[in-house]
Amino acid sequence: MIKILFVCHGNICRSPMAEFMMKDMVEKLGVSEDFYIASAATSSEEVWNGQGSPVYPPAREELKRHGIGKTPYTDFRKKRAVQVTRADYDEYDYLLCAESRNIRNTERITGGDPDHKIFRLLDFSEHPRDIADPWYTGVFDITYRDIKEGLEAFLRRLGYGV
């Protein structure tokens, strides 16, 4: 089983979008049993008194526009923000970050990356780059497109055709 943790700043936009987009992709490929997929934040800003914020409404709407969330496996309604922990580094095979700043913060939280498992998601694409934060840009369709590009490239790297 391949364990993947998607990481962004608040775990309400990019990383949950990646989590549920990836779940949708592997479900459609018929290989969901090969994966354990989750997401988390480098920040605690969206976690209050132990309760995380839900997926940000425009991110939910973007996922719905693409038909994601219709199956029990891709249902994001109960998703709540959580923060990355030191233990996550040992638990996951890949910690895939939305941007370089997320990598630095994830390494700070986890104590480094001695096993080389922390990457930007788009490091697997033909054009490695950060995924802009739609919380600030307001452009969720471009975020969706960039995440999809990274997920498809990552799945190809793992040997799954998409």
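Nothing in this text is a laboratory measurement; each read-out follows from the coordinates by a stated rule. Computed from a predicted structure; not experimentally measured. For neighbour counting, all protein chains shown are included, and Cβ atoms are generated from backbone atoms with ideal geometry for every residue, glycine included.
Listing for the model above:
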| item | result |
| --- | --- |
| Residue order, fewest to most surrounding Cβ atoms within 10 angstrom, among Arg80, Arg108 | Arg108, Arg80 |
| Estimated distance in nm for a label pair at Asp90 and Ala132, the labels positioned 7 Å out from Cα along Cα-to-Cβ | 4.1 |
| Amide H within-cut-off set for Cys97, under 5 Å, with H built and near neighbours excluded | Val7, Phe119, Arg120, Leu121 |
| Cα gyration tensor shape of the range 74-162, rounded if a/c is under 1.5, else prolate or oblate by comparing a/b with b/c | rounded |
| Proximal lysine pairs, the range 2-158, alpha carbons under 25 Å, eight or more residues apart or interchain | 29 |
| For peptides 26-37, 137-148, sequence by mean Cβ density within 10 Å, most packed first | 137-148, 26-37 |
| Positive minus negative residues near Arg60 (Lys, Arg vs Asp, Glu; Cβ under 15 Å) | +2 |
| Student exercise, the chain dipole from Lys, Arg, Asp, Glu Cβ charges, in Debye to nearest 20 | 380 |
| Amide H partners (placed H, <5 Å) of Tyr92, local residues excluded | none |
| Distance histogram in 5 Å bins (all Cα pairs of the range 2-158, percent per bin) | 2, 10, 21, 24, 23, 14, 5, 1, 0 |
| Under the span-like rule (Cα at least 18 Å along the axis, Kyte-Doolittle mean at least -1.0), DSSP H helices of the chain | 14-29, 140-158 |
| Loop-resident sites, the range 57-162, for GluC sites (Glu not before Pro), counting at most 15 other Cβ within 10 Å (DSSP) | Glu126 |
